[in-house]
1. State which residue pairs qualify: first residue among the polar types (S, T, N, Q) and inside the stretch 357-377, second residue away from the ligand (no atom under 15 Å from the Cβ) in any location, beta carbons under 9 Å apart, and separation of 6 or more residues or different chains.
2. Before we move on, is Asp270 in contact (Cβ under 8 Å) with a residue 12 or more places away in the chain, within 16 Å of the ligand (Cβ to nearest atom) and charged (D, E, K, R)?
3. Collect the residues in the stretch 253-308 that are closer than 24 Å to Glu227 by Cα, touching a His at 6+ places or on another chain (Cβ under 8 Å) and among the β-branched types (Val, Ile, Thr), keeping them in residue-number order.
4. Residue check, Ser322 against (1) surrounded by fewer than 20 Cβ atoms within 10 Å (Cβ to Cβ); (2) under 18 Å from Val407 (Cβ atoms); (3) within 12 Å of the ligand (Cβ to nearest atom), all met but one. Which one?
5. Kindly indicate which of Thr38, Thr51 is surrounded by 15 or more Cβ atoms within 10 Å (Cβ to Cβ), polar (S, T, N, Q) and closer than 25 Å to Phe440 by Cα.
6. Being over 19 Å from Val76 (Cα atoms) and assigned to a strand (DSSP E or B) is the filter; apply it to the stretch 20-43 and report the residue that is farthest from the chain's Cα centre (by Cα).
7. Looking for whichever is part of a loop (DSSP other than H, G, I, E, B), within 11 Å of the ligand (Cβ to nearest atom) and either buried (at least 24 other Cβ atoms within 10 Å of the Cβ) or in contact (Cβ under 8 Å) with a residue 40 or more places away in the chain (or both) here; the options are Pro403, Pro385. Which one fits?
8. Output the number of the condition that Gly334 fails; it satisfies all remaining conditions of (1) surrounded by fewer than 23 Cβ atoms within 10 Å (Cβ to Cβ); (2) closer than 28 Å to Thr258 by Cα; (3) of a type outside the set (S, T, N, Q).
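The values are calculated or read from the model by the stated rules, or taken from the named source; none is laboratory data. In this text the structure is predicted, and so the values were computed from the model without any measurement. Using ideal geometry, Cβ is built from the backbone for each residue, glycine included, and neighbour counts are taken over all protein chains shown.
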Amino acid sequence: MKFKAPVAKNQEYTGDIIDLTYQGMGVAKIEDFPIFITNALPNEKVVFAVTKVAKTYAFGRVVKFIEKSPQRVDSVNVTYTQTGIAPLQHLSYEGQLAFKQHQVVELLKKSHLDIDVAKTVGMETPYHYRNKAQVPVREINGQIETGFYKRGSHTVVPIEDFYIQDPKIDEAIIVVRDLLRRFHLDAYDETNNTGVIKTIMVRRGYYSHEMMIVIVTRTHKLSMVNELVAEITKALPEVKSIIQNVNPQQTNVLLGDTDRIHFGSPVIHDQLMGLTFEISAHSFYQVNPQQTEKLYQFAIDKAQLTGEETVIDAYCGIGTISLAVAKHAKHVYGVEMVKTAISDAKTNANLNHIDNVDFVVGKAENQMARWQEAGLKADVIMVDPPRKGLAPEFIEAATAVKPSRVVYVSCNPATLVRDIQVFMDHGYHVDGDIQPVDQFPQTTSIECVVSLVKD
Ligand code: SAH
């Protein structure tokens, strides 16, 4: 029997918005068939047009609002929603914080887990927070433009004010863009994999104000590079590092393997939790420093350290959590798979005169198994994995070491809830509640921290 969807493409319908998906789309139902509608919020009634019909759901866009949510912010710039830079900017900040808590609650409910979720901790000024930008460079109508990809596509929409980035970073991008225009440099052409300049990446220390500019090119040759460097440093005195990164591959991976330092140092510095950190172009560094300090404080509090514990910090990046925890512990072991991040971590330990830490390069799941075999007795294991969460082998080896506590910092509540269940199967349970901390205002990303203890 052929299933027939109750809605058809390009037709208009009226519906109540009953939910908001994890991607920030409003949900309406017609005969139980869900339609995901951009720019629609719960408690709204809208006329929508169906843009795409799939087997079990459809997509739509708002044609007319019949009733609006009191949580709607009307002064929105559609570019931000279109490009996905700020897909939740049409929802009040208070509404965003409630949305993030609600997402975690719903995920737990689906897994039949009875765990409390605290209110999301937000930030005072929920924009202009990002300390890092990476913007594609393309030629549009004969002119070099910098901007952001239209959602779900590779079309670049020119943008000057990125809204969620440090305004000094926006300014730097415009300076570089204007120089590329002035020197008639060649932007990358994604379709044909030709041209030169692919991406501009900028990092700026929140406390230090040190700036790093990385120009990602397809080719080794970058014309006018000396002139470019001279003009950038003249216009932007905060710049401490200008790097050309060569990435000839036609891929979604931003950086290639080759760096050419054209000016200054290969690293910049910033402070976090009162410590100084060296950050290189290839290393992960949290993008919202103000909220990161709150997040780390929760992680430290949840670890309940007395100064006597051996701690493992898995997925340690440049050692930010390890070093923040070191003064509360006897010894900290950090593992991370990016080599330059570990060399940053070692430098960072020296910079801060911290000597009760050891850092190793490796995959967390392999290194955890090695530590287990070597008989390392960790009292507390802290983890901060990427979106895909923990590998089952990691949890296997980690629980075999029998830590009294596991502190889990997560950037994806779906894998967090999955992993909590695996820890529960290994004799651990959640202590207290799950604490969401808003690291990414105006977006749908959710960061949480939770502590697990042995049954
Ligand atoms: N705790 C750090 C970094 C968290 S981001 C901070 O707060 O800054 C996650 C880190 O995990 C990244 O640095 C990434 O390079 C690293 N990573 C990803 N997969 C990994 C794996 N399988 N083993 C070890 N590290 C991994």
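1. Every condition considered, the pairs that remain are Gln372/Ala400; Gln372/Val401.
2. So Asp270 passes the test.
3. Selection gives Thr258 alone.
4. (1)
5. Details: Thr51 fails: closer than 25 Å to Phe440 by Cα.
Just a single option satisfies the conditions, and that option is Thr38.
6. Among those residues, the one meeting the criterion is Ile30.
7. On the way: Pro403 fails: within 11 Å of the ligand (Cβ to nearest atom).
The match here is Pro385.
8. With respect to (1) surrounded by fewer than 23 Cβ atoms within 10 Å (Cβ to Cβ); (2) closer than 28 Å to Thr258 by Cα; (3) of a type outside the set (S, T, N, Q), Gly334 is out only on (1).
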